[in-house]
1. Quick check: the angle from helix 66-77's long axis to the longest principal axis of the chain, C-alpha only, nearest 10 degrees?
2. Helix 79-97 sits at what angle to the longest principal axis of the chain, using alpha carbons and giving 0 to 90 degrees rounded to 10?
3. Dipole magnitude of the chain about its Cα centre, charges +1 at Lys/Arg Cβ and -1 at Asp/Glu Cβ only, in debye to the nearest 20?
4. How many Å³ per residue does the convex hull of the Cα positions in the range 4-97 occupy?
5. Whole angstrom only: what separates the Cα centroid of the range 1-59 from the Cα centroid of the range 68-90?
Amino acid sequence: MPITYTWTATALIGYPTFDGETDVVTRASYTVLGDDGEGHTADYSNWQETPLDPSVPFIPYADLTPEIVIGWVQSNLGPDRVASIEESIAIVIQRQVTPPPEPEVLPLPWVAPVPPEAPVAAEPPVAAETPLIEPPAPDLSAPTN
């Protein structure tokens with residue numbers, strides 16, 4: 001199933017006044033969520049500068065919409081970076097669908113392999129009639145009366 005990408009503006013940073021305008025947004029935080037519709041998701045979040053281009057008409061803060069802000073973000077990122085973000089998300093989702101094999105610890109090729117140790121023979125069991133603790137020997141050095 002194809003992956004659906006949802007771009008969302010999550011925060012705005014700006015100045016109360018700038019260049020004669022009020023509430024001017026200069027950066028936007030955004031999140032991109034990828035969803036394959038089968039329970040596999042991945043996301044990416046970051047900040048992006050927003051345009052301060054005098055040739056573009058100023059949009060008052062109260063008139064901003066999610067579509068306008070995400071349009072600024074994607075425009076400033078450029079189509080190659082937008083595609084790269086979505087491709088990265090697709091890779092994460094693909095690894096959820098088909099996990100790669102677990103890596104293995106490889107021997108160092110310049111070190112001779114160590115032969116496995118021979119198994120140690122088990123000691124014979126202790127017979128039941130053998131005392132486990134021997135009584136102490138009498139102290140012959142002590143004087144007797």
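1. 70
2. Tilt of helix 79-97: around 30 degrees.
3. Numbers: 3 positive and 21 negative charges, 46 e Å.
Here the chain has a charge dipole of around 220 debye.
4. Details: hull volume 8.3 nm³, N = 94.
It is 88 Å³ per residue.
5. 10
FYI, it's all coordinate maths here, none of it is from the lab. Remember, predicted model here, so these are calculated numbers, not experimental data. Note: ideal-geometry Cβ built from the backbone for every residue, glycine included; neighbour counts use all protein chains shown.
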